[in-house]
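*Asks:* Have a look at the structure that comes next, please.
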Amino acid sequence: MSRVSQAQALENRRRAVAAASQLFRERGVNGVSVADLMKSIGLTTGGFYKQFSSKEALIAEAAQTAFGDLDLLLATFEATHSDHDTARGALIDFYLSAEHRDQPGTGCPTAGFAGDVARRPTPEEVRETYAAGVEEFASWLSTDTDDGLPMVATLVGAILLARATTGTELSEKILESTHKALTEPQAARPES
């Protein structure tokens, strides 16, 4: 049996984390076995345990990688738009699109990992990684008048509901009405 070089072992680990990041967002953590993951990158299950102490250890790395991908996406929006408000508007357009709804594996980790982090007996490291990612996303979305958390909650809630109702008119309506609520000026609300 041939040994794998240290460089190849690092590359195998990187590929496993990247694949897990995508598959966990697509299918959920419980929907991806170690065997499924390793098969997706052409390696054996035994190779997994040479790289990771447990599936939970991989979840934390996969979430961290996914939030790193989100950071890169946000930096791209920032770099390709004239100012932050315009970049935020473009992100809202993308986030509430059928494309984003239909591609959860490469989509927002805030939505992609939410159900698993909420449901699973989640190790503290995973919960902390997730919370830090949510806070960074909110900070990017923040304005002079709020901390961005209402925007994150609205975007994530909308995309989760749109994904849950994919194939129905309601899914499109959720995306459209949420987009309208977030991008069109609101009429003054009467005082109660």
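The values are calculated or read from the model by the stated rules, or taken from the named source; none is laboratory data. A quick note: this is a predicted structure, and the numbers were derived from the prediction, not measured. Please note: Cβ atoms are built from the backbone with ideal geometry, for glycine as well, and neighbour counts cover all protein chains shown. Remember, those area values only see protein heavy atoms, side chains included, never the ligands or the DNA or RNA. Shrake-Rupley method; radii C 1.70, N 1.55, O 1.52, S 1.80 Å.
*Asks:* At 1.4 Å probe size, with every protein chain present, just tell me what the per residue accessible area of region 96-192 comes to in Å².
*Replies:* 59
*Asks:* If you add up the charges near His100, with Lys and Arg at +1 and Asp and Glu at -1, over every other residue whose beta carbon is less than 10 angstrom from its beta carbon, what do you get?
*Replies:* That sum, taken over residues with Cβ under 10 Å, equals -1.
*Asks:* Something else now. In Å, the Kirkwood hydrodynamic radius of the chain over pairs of distinct alpha carbons?
*Replies:* Final number for the Kirkwood radius of the chain is 18.1 Å.
*Asks:* To continue, here is another question. Please identify the chymotrypsin sites (Phe, Trp or Tyr not before Pro) of region 1-110 that satisfy two criteria: DSSP loop assignment and at most 16 other Cβ atoms within 10 Å. Which are they?
*Replies:* Listed in order of number, the matching sites amount to none.
*Asks:* Return the FRET efficiency for the residue pair Arg14, Thr165: r is the Cβ-Cβ distance, R0 is 41 Å, and the value is rounded to the nearest 0.05.
*Replies:* The computed FRET efficiency comes out at 0.70.
*Asks:* Checking understanding here: applying a Kyte-Doolittle mean of at least 1.6 and a length along the axis of at least 15 Å (C-alpha), which whole DSSP H helices in the chain pass?
*Replies:* Qualifying helices: 149-164.
*Asks:* Ok, one more. State to the nearest 20 debye the size of the charge dipole of the chain about its Cα centre, where the only charges are +1 on K and R beta carbons and -1 on D and E beta carbons.
*Replies:* The dipole of the chain has a size of about 1180 debye.
*Asks:* Dipole of region 65-134, Cα-centred, from +1 at each Lys and Arg C-beta and -1 at each Asp and Glu C-beta, to the nearest 20 debye?
*Replies:* About 300 debye.
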